[in-house]
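Colleague: One structure, pasted below without further comment.
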Amino acid sequence: MRKTKGFTFPKIFFQPHEPPLMRPRPFRTYSFVPFSLLAMLDPTILINQLVDAVIFVVDDSNIKDFIIGYRFSPEEYEEPGIKMEDTLYLVDKLADKKLDYLHISLNDFKRVSVSEQYKEKSIMQYVHEKIGGRIPLIGIGDVRTKQDAEDTLTNAELVAVGRSLIIDPHWTSKVLEGKEETIRRVLANQDREELVVGNGIVEFLNLTMPDRLR
């Protein structure tokens, strides 16, 4: 059995809208890691055990080239909630594990932290510097143009594109072929059937980019 490294987390991460002891826990993970009452109370310890458990299963399977990554949201606006210092601590620990990548979740790759002590740089730059080249970082956040992608790559090894690909599935090839002027920039209601965009996705897009819906 793969053993956890035993580091402790100085902060307790939890969703502010739900009391810690009321949130559901993935109990099946404890078939791979030792049961810990402390881990039930502190999700950061659970994260450590879960990551080690997944790595253990993949190693034990002898499947080659099985990619393991970890996606995270860097901070929450609610109080109490995840703060940048919490995220940087966690990222520092995750970067030393046998993961293939870390994937930050942002609505804007240029986004700056709400914390006063982390406003000199973008959130992604702080995270990238904390990783220090130990593991690839996937950047993301309202990437609409080739320049956006290149700017994202200044603080990441890879760039993920989501909403722009929903609007135009050929976004990548058009960028690579130098045909950015042909990229569809807005999602018209009459294009939904062609692009197979259902009501659920439309509701999500209406919340995240209403300016690009017609």
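Colleague: I'm told E120 meets every condition in (1) of a type in the set (D, E); (2) closer than 30 Å to V196 by Cβ; (3) loosely packed, with under 14 Cβ neighbours inside 10 Å except one. Can you identify the failing condition by its number?
Modeller: Answer for E120: the failing condition is (2).
Colleague: What single numbered condition from (1) more than 26 Å from G162 (Cα to Cα); (2) hydrophobic (A, V, I, L, M, F, W, C); (3) under 14 Å from the mean Cα position of the chain (by Cα) fails to hold for V91?
Modeller: (1)
Colleague: Starting from residues that are of a type outside the set (D, E) and open to solvent by 40 Å² or more (accessible area, probe 1.4 Å), keep the ones in the stretch 108-117 and report whichever is nearest to I82 (Cα to Cα).
Modeller: Looking at residues that are of a type outside the set (D, E) and open to solvent by 40 Å² or more (accessible area, probe 1.4 Å), I get V114.
Colleague: Being open to solvent by less than 50 Å² (accessible area, probe 1.4 Å) and modelled with pLDDT of 75 or more is the filter here; which residues of the stretch 181-199 pass it?
Modeller: Across the stretch 181-199, the qualifying residues are I183, V186, L187, A188, D191, L195, V197.
Colleague: Collect the residues in the stretch 89-107 that are under 16 Å from E76 (Cβ atoms) and either touching a helix residue (DSSP H, G or I) at 6+ places or on another chain (Cβ under 6 Å) or surrounded by 14 or more Cβ atoms within 10 Å (Cβ to Cβ) (or both), keeping them in residue-number order.
Modeller: Within the stretch 89-107, Y89, L90, V91, I104, L106 qualify.
Colleague: Still on this model: Hand me the list of helices (runs of 4 or more DSSP H) wholly inside the stretch 11-111 holding 3 or more residues that are modelled with pLDDT under 85.
Modeller: Here the list reads 37-41, 43-61.
Colleague: Scan the helices (runs of 4 or more DSSP H) fully inside the stretch 155-209 and keep the ones with 1 or more residues being under 15 Å from D142 (Cβ atoms) and touching a strand residue (DSSP E or B) at 6+ places or on another chain (Cβ under 7 Å).
Modeller: By residue number, 163-167, 199-208.
Colleague: Something else about it: For I167, only one of the following conditions fails: (1) open to solvent by less than 20 Å² (accessible area, probe 1.4 Å); (2) under 15 Å from the mean Cα position of the chain (by Cα). What is its number?
Modeller: All conditions are met except number (2).
The values are calculated or read from the model by the stated rules, or taken from the named source; none is laboratory data. Bear in mind the structure is a predicted one, so any value in this text is a computation, not a measurement. For neighbour counting, all protein chains shown are included, and Cβ atoms are generated from backbone atoms with ideal geometry for every residue, glycine included. Please note that ligands, DNA and RNA were not included when accessible areas were found on the heavy atoms of the full protein model with its side chains. Shrake-Rupley method; radii C 1.70, N 1.55, O 1.52, S 1.80 Å.
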